[in-house]
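Have a look at the structure below before the remarks.
Taken together, the values in this text are just the output of simple stated rules run on the coordinates, not laboratory data. All figures in this text were calculated on a predicted structure; none of them were measured in a lab. No Cβ is skipped: glycine too gets one built from the backbone with ideal geometry, and neighbour counts run over all protein chains shown.
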Amino acid sequence: MTKADLVTRMAEEAGITKKSAAAALKSLVGAVYESLKKKDGKIRIAELGTFRVAKKKARMGVNPQTKEKIKIPAGKVPRFAAAKALRDGVKKAK
């Protein structure tokens, strides 16, 4: 499903215009982004899951072009954990 497909479905199910649905989706994505930027960034959406920030330790890697070893610095990455309702729904769809 693409963003356009999602906007169309949101508009149809909510009985609103595509423009309003696109604005709502943009607002949701912005809220998740802003929440994750905070110090204890975490946002939980019932029946969907939890978005959080995870810390990655510095590590050694290999440049695939030159095969040279490089140090990859520590950093933060977004993580998503699916809610039980979402996991169960996907299992039933098989």
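Worth pointing out:
- Ranked by how many other Cβ atoms sit within 10 Å of their own Cβ, fewest first, the residues THR66, THR17 fall in the order THR66, THR17.
- Placing +1 on the Cβ of every Lys and Arg and -1 on the Cβ of every Asp and Glu, with no other charges, gives the chain a dipole of roughly 700 debye about its Cα centre.
- Over the chain, volume per residue of the alpha carbon convex hull, in Å³: 176 Å³
- Remark on the range 44-94: ratio of C-alpha radius of gyration to 2.2 N^0.38 Å is 1.78.
- Dipole of the chain computed with +1 at Lys/Arg Cβ and -1 at Asp/Glu Cβ about the Cα centre; of ALA85, SER35, ALA14, farthest Cα towards the positive end is SER35.
- Inter-probe distance in nm under a simple model that places probes 7 Å from Cα toward Cβ, at ILE45 and ALA31: 0.9 nm
- Extension gain from ALA58 to ARG87, taking 0.36 nm per residue of separation minus the Cα-Cα distance: 7.3 nm
- Panel order for VAL32, VAL77, by other beta carbons found within 10 Å of each beta carbon, from fewest to most: VAL77, VAL32.
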